Amino acid sequence: MVNLERSFQAPKGTRDFYPTDLALRRRIEQAWRSASIDFGFDEIEGPTFEHLELYTAKSGDGIVSELFSFRRAGGENDYALRPEFTPTLARMVAAKAGGLPTPVKWFAMPNMFRAERPQRGRLREFGQWNIDLLGLEGAAIDVEVIGVAILALERLGLTARDVQVRVSHRVVISRVLAALGVPAEKASDAMTLLDRRDKLELAEFQRRAEALGLSVEAVQRFDAVARATQPLSEPLDALAKSIGVDAEAFSALDELRVAAASAGILEWCTVDVGIVRGLAYYTGTVFEIHEISGAERAIAGGGRYDGLVELFGGPKMPACGFGMGDVVLANVLNDRGLLPKDPATCLPQPDAYVISAGGDADAHVAPLVRQMRAAQLHTRTSYKVTRNVGKLLSDAAKARARFAVILGAEIAEGRVALKDLATGEQRLIAIDEVIEACRRQSSGS
């Protein structure tokens with residue numbers, strides 16, 4: 001028997017979105033969607049859960065502990081709530097690769113699920129923006145993908161003084177590791193260690209570097225690589241020299257710099273050799289977007305993954321993309337004062353609030369409201385029984401309506417009072433003119 005007195009709470013690591021909360025999230029999503037569309041990307045969506053094998057095929061069985069996986073009672077198949085969108089995207093492209101236009105430019109804004117310990121910037125359920133461009137390769141394409149992210153951040157009020165795109169390249173990193181003496185068979189382990197550099201104490205980082213078979217000197221150089229950064233706008237020769245490799249090893253990043261300069265986003269970008277992105281399917285450019293102080297987790301991360309579609313049964317197809325979560329981004333916007341002080345201002349603003357002063361006017365409220373809504377005007381009315389027009393006008397103002405339409409004794413003459421709630425101006429107009437008056441004045445004409 002259900003205990004009706006029990007107090008229920010949302011599951012740990014999830015969020016309840018009340019109207020103002022959801023309005024703030026929609027504000028972020030609108031920046032994501034508008035930037036995507038303006039760059040020529042089309043929106044897609046996939047299932048909330050997939051066959052578990054879709055994720056283990058890409059990341060191995062070790063990923064299962066990080067997922068919400070399940071088997072239906074009496075069923076035979078294992079499923080998992082999606083922890084990321086890229087496998088779904090690759091599956092979808094593989095299924096129809098022969099009939100898709102080139103390039104494929106898709107975006108999605110799905111909810112994701114990860115069975116991890118909740119902490120600041122990381123929840124068990126979160127919203128994520130995914131951008132993917134498939135079918136073309138080259139630094140200019142990688143920069144276009146990065147540019148979409150920057151445009152959305154700009155539309156949310158962030159600048160290059162607030163966040164930085166930390167870029168690197170898997171080929172560059174492989175050449176650097178080889179120059180340091182890392183055996184080819186341990187290159188993957190070395191990249192994993194680089195990816196975890198900020199999560200490890202220096203002594204533990206050095207111990208693991210030594211386990212790669214590096215000399216003491218090479219470990220010191222490896223440590224320098226893990227922390228080597230500079231603006232992308234600056235020549236890379238000095239950086240190469242500082243970590244003891246030939247400047248030719250950085251040629252891929254030189255191409256990225258030229259493309260970023262052409263796209264006008266160079267000031268946003270920093271070379272960070274330690275950015276490798278832990279997922280093994282990345283093949284070229286990799287990047288993360290961080291708040292400038294580094295106090296938060298990465299706002300976004302992505303890169304080039306040219307072999308992933310092929311892994312899921314599709315043709316060999318170059319691809320580049322990223323994911324940006326709403327949790328860290330909202331933290332950054334809030335910390336920088338870029339979210340509205342009054343979240344209610346993010347809610348849809350009514351065009352009109354229809355009020356009755358009582359008497360014969362009551363019968364005219366519902367027909368007028370219906371006509372206004374049919375005319376695509378956001379129209380609200382009161383559910384209160386009071387006939388106190390002052391209180392009802394106060395309710396209209398709290399709802400942030402542009403106009404109050406007051407039905408009083410003049411309704412017998414076919415007229416109503418239209419009150420501009422911003423200026424306080426009030427005038428009598430014919431009831432047949434209400435829709436046009438609200439539409440014209442709401443549009444500012």
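Every residue, every condition in (1) assigned to a strand (DSSP E or B); (2) buried (at least 17 other Cβ atoms within 10 Å of the Cβ), yes or no:
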| residue | (1), (2) |
| --- | --- |
| ARG117 | no, no |
| VAL143 | no, yes |
| ALA160 | no, yes |
| ARG166 | yes, yes |
query: Only one of these conditions is not met by PHE70: (1) assigned to a helix (DSSP H, G or I); (2) in contact with a Phe, Trp or Tyr (Cβ under 9 Å, 6 or more places away or on another chain). Which number is it?
result: (1)
- prompt: Based on what the data block shows, is LEU89 out of contact with any strand residue (DSSP E or B) (no Cβ under 9 Å at 6 or more places or on another chain), under 23 Å from ILE37 (Cβ atoms) and in a helix (DSSP H, G or I)?
  reply: no
Restricting region 119-141 to residues that are among the small types (Gly, Ala, Ser) and part of a helix (DSSP H, G or I), the residue that is farthest from GLN230 (Cα to Cα): ALA140
query: Is there a residue in region 416-424 that is in a loop (DSSP other than H, G, I, E, B), in the same structural domain as ALA361 (by TED's automatic domain parsing) and under 14 Å from VAL354 (Cβ atoms)?
result: yes
field: Neighbours by Cβ (under 7 Å, 6+ apart or cross-chain): first from region 389-407, within 21 Å of ASP342 (Cβ to Cβ) and outside the structural domain of ILE429 (by TED's automatic domain parsing); second outside any loop (DSSP other than H, G, I, E, B) and among the basic types (Lys, Arg)
entry: none
- prompt: Before we move on, is VAL286 closer than 27 Å to LEU333 by Cα, among the aliphatic types (A, V, I, L, M) and touching a residue at least 60 places away in the same chain (Cβ under 8 Å)?
  reply: yes
task: Would you mention how many residues in region 208-255 are buried (at least 18 other Cβ atoms within 10 Å of the Cβ) and among the hydroxyl-bearing types (Ser, Thr, Tyr)?
output: 0
message: Checking the structure you have, find out if any residue of region 367-387 is basic (Lys, Arg), assigned to a loop (DSSP other than H, G, I, E, B) and either under 36 Å from the mean Cα position of the chain (by Cα) or within 30 Å of LEU89 (Cβ to Cβ) (or both).
response: no
statement: Flagged in region 249-284 as among the polar types (S, T, N, Q) and over 28 Å from ALA90 (Cα atoms), in numbering order, are SER251, SER262, THR270
- request: Could you please tell me which pairs satisfy a Cβ distance under 7 Å, a separation of 6+ or placement on different chains, a first residue in region 156-172 that is closer than 18 Å to GLY264 by Cβ, and a second residue that is aromatic (Phe, Trp, Tyr)?
  value: ALA160/TRP268; GLN164/TRP268; VAL165/TRP268; VAL165/PHE287; VAL167/PHE287
- request: Sort through ALA401, ALA396 and tell me the only one that's modelled with pLDDT of 95 or more and assigned to a loop (DSSP other than H, G, I, E, B).
  value: ALA401
task: Residues that are under 22 Å from the mean Cα position of the chain (by Cα): find the strands (runs of 3 or more DSSP E) completely inside region 266-357 holding 3 or more of those.
output: 285-291, 300-304, 319-325
- request: Could you grab me the full set of residues in region 179-204 that are within 30 Å of the chain's Cα centre (by Cα), of a type in the set (D, E, K, R) and assigned to a helix (DSSP H, G or I)?
  value: ASP189, ASP195, ARG197, ASP198, LYS199
message: Quick check on this structure: which one of PHE8, PHE17 is under 19 Å from the mean Cα position of the chain (by Cα), assigned to a loop (DSSP other than H, G, I, E, B) and surrounded by fewer than 17 Cβ atoms within 10 Å (Cβ to Cβ)?
response: PHE17
query: Of (1) within 27 Å of THR20 (Cα to Cα); (2) in a strand (DSSP E or B), ARG427 satisfies all except one. Which?
result: (1)
query: List the pairs whose first member sits in region 233-262 and is free of Cβ contacts under 8 Å to residues at least 40 places away in the same chain, whose second member is among the hydroxyl-bearing types (Ser, Thr, Tyr) and in a loop (DSSP other than H, G, I, E, B), and whose Cβ atoms are under 9 Å apart, counting only residues at least 6 apart or on separate chains?
result: ARG257/SER233; ALA261/SER233
- prompt: In region 21-49, how many residues are more than 15 Å from the chain's Cα centre (by Cα) and under 27 Å from ASP142 (Cβ atoms)?
  reply: 5
task: Scan region 400-420 residue by residue and report those that are closer than 17 Å to VAL369 by Cβ and touching a Leu at 6+ places or on another chain (Cβ under 9 Å).
output: ALA401, ARG402, PHE403, ALA404, VAL405, ILE406, LEU407, VAL416, ALA417, LEU418, LYS419
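The values are calculated or read from the model by the stated rules, or taken from the named source; none is laboratory data. Please read these numbers as outputs of a predicted model, since none were measured by experiment. Neighbour counts are summed over all protein chains in view; Cβ atoms, including those assigned to glycine, are modelled from backbone coordinates with ideal geometry.
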